[in-house]
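Okay, structure first, notes after.
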Amino acid sequence: MIVALAVALQLAAAAVPSAAPPGPLVVKDAMRSVSIPLVAGENGPLLRAELMRPVVPITVSHLMGDRWMVIVRGTAIGVEPGVRFAMVGEERYQLAAAPELRKGALYVPLQLVVEIIPRVAGNLAWDPERFELRAFSTVARHADASDTQRVGASDAPVVPAGQPRAAPPVVEPKAVGHQETNASLAPPTTHGTLRTRRLVVVDAGHGGPDAGMHGPIGGGPQIFEKNVTLTVAKRVGAALNARGVAVKYTRTTDTLIALDDRGRIANDAHADLFVSIHVNAANPGWKDPGAARGFETYFLAEAKTEDARRVEQMENEVVKFESGSSAQAGDPLNFVINDMAQNEHLRESNELAELIQRRLGRVHPAPNRGVKQAGFRVLVTAFMPAVLVEIGFGTNPADAAFITDPAHVDEISAAISDAVMEYLKRYERRVSTITGVAASGGSSERR
């Protein structure tokens with residue numbers, strides 16, 4: 001049932017749609033605060049939900065057509081412009097006002113942010129008197145998702161709005177065609193281990209005749225993406241091995257693996273996660289391309305920005321090096337996005353991407369360019385949570401030096417492996433919570 005006060009607030013604004021909306025909305029936690037402007041909509045005040053990001057981990061994703069998804073701490077809320085309801089799994093929530101699309105940006109009703117998101121995502125409380133949405137470090141229903149969370153921290157189990165799929169069986173890596181695997185797997189460590197032995201596929205981007213980007217711009221020691229990604233991928237794998245996670249590499253030598261084959265390698269191995277490592281390159285048409293810096297992590301969805309489309313095109317160009325590629329005709333992206341939107345892959349991938357960005361932000365001196373989405377072919381055929389990490393701009397001298405320095409490579413690799421471990425532990429808590437409810441006879445019927 002919709003909270004009466006939130007509805008009253010929304011409907012009061014609807015009575016005078018031409019009047020200035022209340023606000024701004026203040027979103028805050030113990031350390032940060034952000035003011036979000038409200039705009040007048042036809043039936044009440046609207047706002048851009050992604051402006052909450054400095055305080056709340058939130059992503060607004062355009063899937064296809066009129067379908068949008070607001071993802072908060074792993075919970076996906078489906079909305080459509082002009083439609084006065086929101087979907088969380090199979091639960092439908094009535095909206096007092098319909099979302100609107102303005103200049104390509106999604107504006108959602110205030111009610112969605114102050115009532116529905118706190119209800120399904122947790123860790124948030126609405127104070128109508130102060131017109132504040134407050135984020136808390138812990139709540140009974142959800143684990144802490146703040147920046148201060150540490151791997152293995154003791155917190156409340158995460159109970160997602162939609163039940164996660166059962167984890168696939170984990171098998172030891174085996175060779176797949178011309179694919180190479182790690183020769184040995186380190187035994188599980190005795191500290192902070194997972195309850196189930198998990199398998200992560202680590203993909204070193206490019207390889208063989210496809211060198212990827214090369215730089216930096218303006219002189220200095222030249223680097224090639226295929227070499228950097230292989231070094232980082234091996235160190236990420238080694239760090240995960242040391243913590244009891246089985247690792248399979250798409251390549252361990254300077255060889256070309258078809259983009260579509262990389263995801264299939266993960267599928268054939270029944271992997272739990274797929275992580276692809278890449279190095280970014282500036283657009284030569286930019287005003288000062290050599291100055292572009294930063295790290296970003298992508299998950300599979302329709303690209304929202306021109307820059308995301310640029311990176312998508314750049315990383316997908318490897319198909320020109322593939323002879324007899326197994327790529328099928330037609331674009332499977334729409335089919336895969338539709339499949340992901342109906343299960344947990346989209347939100348799970350988003351959560352993993354958020355964790356990687358947060359961990360890299362602790363060690364990387366360049367700007368955090370955030371979590372983004374694009375239609376990377378390397379992610380299309382990986383039917384599991386999958387991300388692509390751009391660890392820096394090889395075209396920038398400072399980034400190039402950082403991502404090739406052995407000490408900093410270790411820091412980057414440790415950050416990515418820490419994020420993977422944090423994600424896997426959260427996932428196990430979610431699975432154990434659902435399993436426990438089912439065992440006790442509670443309502444945990446799989447949707």
Output ordering of 403-415, 24-36, 46-58, 267-279 (per-residue mean of other Cβ within 10 Å, highest first) is 267-279, 46-58, 403-415, 24-36
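What pairs from Lys248/Lys287; Lys103/Lys425; Lys248/Lys425; Lys28/Lys248 go past 31 Å between their alpha carbons?
Details: Lys248/Lys287 41 Å; Lys103/Lys425 40 Å; Lys248/Lys425 19 Å; Lys28/Lys248 41 Å.
Violating the 31 Å Cα-Cα cut-off are Lys248/Lys287; Lys103/Lys425; Lys28/Lys248.
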Is region 29-68 best put as rounded, prolate or oblate by its Cα gyration tensor, with a ≥ b ≥ c the root eigenvalues, rounded for a/c under 1.5, and otherwise prolate when a/b is larger than b/c, oblate when not? oblate
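Any read-out appearing in this document is the output of simple, stated calculations on the displayed coordinates, not a laboratory observation. Small disclaimer: the values here were computed from a predicted structure and weren't measured. Virtual Cβ from ideal backbone geometry, glycine too; neighbours counted across all protein chains shown.
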